[in-house]
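Here the structure is laid out as structure tokens; the discussion comes afterwards.
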Amino acid sequence: MTEKAKTKAAPAAKSMPTGIGEAGNGTSDMVMAANAKAMDVFARACQASFQGWASMNSEVADFMAKRFKLDAELSASLARCETWEDAVTLQQDWARQAAENYADEANRLMELSSKLANEQWKPVWQQADDIVADLGKATS
């Protein structure tokens, strides 16, 4: 750049913001504050997600342990049956109980999934409510 061009550009360069917080009207500070809020919302939503998935994992593990125990008991009970009728009755009872257990577990997992979704979105909904309130204050 020539000296003449540098001289002409100097006043414009001095008036331009060069870093965060130097915009003159607080815009960059507002953007930084909005980013901090967004990151906080994201962190809280992630925390709720991790807690929810941990609850679901625990539920499935407990259910599987219960079912494995009942399945092992069936094997031991079948070995003790003296007649085919006893064995068939035992298997029918086991199948009925298993169907009920799996249906109950599916309902519990649906409830946990619903709770997880609500908890994940709670920080986002709260942030949206705060933004609407702030906009209301700004326009008053």
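Pull out a ≥ b ≥ c, the square roots of the eigenvalues of the alpha-carbon gyration tensor of region 24-139, then state rounded if a/c is under 1.5, prolate if not and a/b is larger than b/c, and oblate in the remaining case. Here region 24-139 falls in the prolate category.
Taking the alpha-carbon distance from LYS66 and a cut-off under 14 Å, which aspartates and glutamates remain once sequence neighbours fewer than 8 residues away in the same chain are dropped? Reachable aspartates and glutamates: GLU100, ASP104, GLU105. If a paramagnetic tag sat 7 Å from the Cα of TYR102 along the Cα-Cβ line, which residues of region 58-81 would have the backbone N under 14 Å from that point? Only 64, 67-68, 71 pass the distance filter. Rounded to the nearest Hz, the phi-derived 3J(HN,Hα) couplings of region 76-85 under the Karplus curve 6.51 cos²θ - 1.76 cosθ + 1.60 (θ = phi - 60°) are 5, 5, 4, 5, 8, 5, 9, 10, 5, 4, where x marks glycine and proline. In plain terms, the chain from ALA87 to PHE42 could stretch by 10.6 nm, reckoned as 0.36 nm per residue minus the Cα-Cα distance.
None of the figures in this text is laboratory data; all of them are computed from the coordinates on show. Predicted, not measured: the structure shown is a model, and the values here were computed from it. Methodologically, a virtual Cβ is constructed for each residue, glycine included, from the backbone with ideal geometry; neighbour enumeration extends over all protein chains shown.
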